[in-house]
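A short reminder: the numbers here are calculations on the coordinates, not readings from a lab. Keep in mind the model is a prediction, meaning the values are calculated, not measured. Ideal geometry is used to build each Cβ from the backbone, glycine not excepted, and the neighbour counts take in all protein chains shown.
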Amino acid sequence: MTLQQEDIQIMNIKILKFIKRKNSASKEQILKRFPDHKHQTLHRLEQMSKPKGLRFTPQEIQKQYLQETYKESKPDAFGNVRIIYTGNYSLTKYGYTYLEDYVLFERRDVIKEFVRSFLFPSLVALLVSVLTNLLFS
């Protein structure tokens, strides 16, 4: 079974919306909601949080949708601070923008579909009804 590009994008959007709703989500929470055996969630998280290619330019790093969060530990007796991986994912600015653009375009598509499939046929039916009444009454 191969997934089409649109199906992949929709699943990525669902994951991004889930993380946005929680403001930050752990890998376990994401996997509980989107099991890896069904959605290839681990691969999706890696693809959305890591820049592509071997050398990372600032533009590629900015195009990440997700960022993994880290926190600093308290300084030890020697003043050293350790950075600890928290296992949480949060949206980057690019991820927020991507999600907002997708929602905006999706909303526009729904409005276009409503106008095309309901509003225009209703107006045509109303116009035909009025003309028929005027001509044959």
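At most 11 other Cβ atoms within 10 Å and a DSSP loop assignment: could you name the trypsin sites (Lys or Arg not before Pro) in the stretch 60-132 that fit? Qualifying residues, ordered by number: R82. Other residues lying with their Cβ under 13 Å from the Cβ of E113 contribute a combined charge of +2, Lys and Arg counting +1, Asp and Glu -1.
Comparing P121, Y98, I84 along the charge dipole axis of the stretch 5-136, the residue lying farthest to the positive side is I84, per the Cβ-charge model. Rounded to the nearest 20 debye, the dipole size of the chain about its Cα centre is 320 debye, using +1 on the Cβ of Lys and Arg and -1 on the Cβ of Asp and Glu.
For helix 5-22, report the angle its Cα long axis makes with the longest principal axis of the Cα atoms of the chain; keep it between 0 and 90° and round to the nearest 10°. It works out to around 60 degrees.
From its DSSP helices (H runs of at least four residues, each -39,500 (n - 2.57)), the chain gives a residue-normalised ellipticity at 222 nm of -18500 deg cm²/dmol.
When volume of the Cα convex hull per residue in Å³ is calculated directly from the model, which label among (i) 87; (ii) 197; (iii) 108 fits? Computed from the coordinates, volume of the Cα convex hull per residue in Å³ corresponds to (ii). Relative to the longest principal axis of the Cα atoms of the chain, helix 93-114 runs at roughly 10 degrees. Once the Cα atoms of helix 120-136 and of the chain are each reduced to a long axis, what angle between those two axes, in degrees from 0 to 90 to the nearest 10, is obtained? The helix 120-136 is inclined about 10 degrees to the chain. Highest average first, the peptides 29-38, 15-24 ordered by how many other beta carbon atoms sit within 10 Å of their residues are 15-24, 29-38. Each of L135, L119, L66 was scored by other Cβ atoms within 10 Å of its Cβ. Arranged with the fewest first, they read L135, L119, L66.
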